[in-house]
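Okay, so here's the structure we're looking at.
The values are calculated or read from the model by the stated rules, or taken from the named source; none is laboratory data. Every value quoted in this text rests on a predicted model; they were computed, and no experiment measured them. FYI the Cβ positions are ideal-geometry reconstructions off the backbone, even for glycines, and counts take in every protein chain you see. Only protein heavy atoms, including side chains, enter the accessible area calculation; ligands, DNA and RNA are left aside. Shrake-Rupley method; radii C 1.70, N 1.55, O 1.52, S 1.80 Å.
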Amino acid sequence: MAAILGMEYDKVAEVCKESAHGEVCQAANFNSPEQIVISGNTAAVERAAKLADERGAKRAKLLPVSAPFHCALMQPAQERLAGDLKSLRFQKPAVPVVCNVDAAMIDDADRSRDALIRQVTGSVKWDPSMRVLIEKGVTTFIEVGPGKVLCGLIAANRPLENGA
């Protein structure tokens, strides 16, 4: 995986397509308008990061991750998770949940299961998901886990509250 900073989505998608060479290379996380993370086969992602730099990205940084998350290479994990989740009885969420693979509110048991399955290979639409929450009037966000990356991304989206 690699973080591409300061490059529009269409240009990142083009870089991924040109760098794939028959391998997987695709957008995995839409973190902010200024940050898109790509994922796929190592060589393809490395080619894409280099090409993004050459084409004017502010920065393209390879990420030290254990797997190529949120891309087609995770299909075997998605199939296993689907089998496991289909054996469980889901209930309607007590409160609506923003599905990060669709950047949409979910208030249905079956859609919840489907979203969990699809998020394994689907792109994380973090920025659009946060926009949904902000538009719904959410003003407090709490990051759970190590680091403060997500809080930083929220801070970058804060101007959205005022319509900017």
Karplus ³J(HN,Hα) for the range 58-74 (6.51 cos²θ - 1.76 cosθ + 1.60, θ = phi - 60°; Hz, whole; x = Gly/Pro) runs 4, 6, 10, 10, 5, 9, x, 10, 8, 7, x, 5, 6, 8, 4, 5, 8
Links exceeding 26 Å between C-alpha atoms in this model, out of Lys61/Lys148; Lys86/Lys148; Lys92/Lys136; Lys125/Lys148; Lys11/Lys148; Lys92/Lys125, come to Lys86/Lys148; Lys11/Lys148
For the chain, the Cα-Cα pair-distance distribution in 5 Å bins from 0, as whole percents, is 2, 9, 15, 18, 18, 16, 12, 7, 2, 0
Ignoring ligands and nucleic acids, Val24 exposes an accessible area, probe 1.4 Å, in Å² to the nearest 10, of 30
Quick calc, the chain, dipole around Cα centre from Cβ unit charges on Lys, Arg (+) and Asp, Glu (-), nearest 20 debye, gives 260
Working note, the range 1-78: Cα radius of gyration (Å, one decimal) and Dmax (Å, whole number) are 11.1, 35
Sorted by chain and number, the residues with a modelled amide H under 5 Å from that of Cys71, at a separation of 5 or more or across chains, are none
Which residues qualify? For Val24, with a placed amide H closer than 5 Å and at least 5 residues away or on another chain, they are Asn41
With all protein chains present, the range 1-113 has a carbon and sulfur share of its accessible area (1.4 Å probe) in percent of 51
With every protein chain kept in place and a 1.4 Å probe, the range 1-78 has an accessible area per residue in Å² of 52
The local net charge around Asn29, scoring Lys/Arg +1 and Asp/Glu -1 for residues other than Asn29 whose Cβ lies under 14 Å from its Cβ, equals 0
Bounding extents of the range 107-148 in its principal axis frame from Cα atoms, largest first in Å, are 28, 26, 17
Taking placed amide H atoms and a strict 5 Å upper bound, the residues 5 or more places from Glu34 or on another chain that come that close are none
Lone Cys, the chain, Cβ cut-off 4.7 Å -> Cys71, Cys99, Cys151
Computed, not fitted: 222 nm per-residue ellipticity of the chain from DSSP H runs ≥ 4 (each -39500 (n - 2.57)), nearest 500, equal to -12000 deg cm²/dmol
Checked the range 64-148 against the a/c 1.5 cut and the a/b vs b/c comparison, axes a ≥ b ≥ c from its Cα gyration tensor; verdict oblate
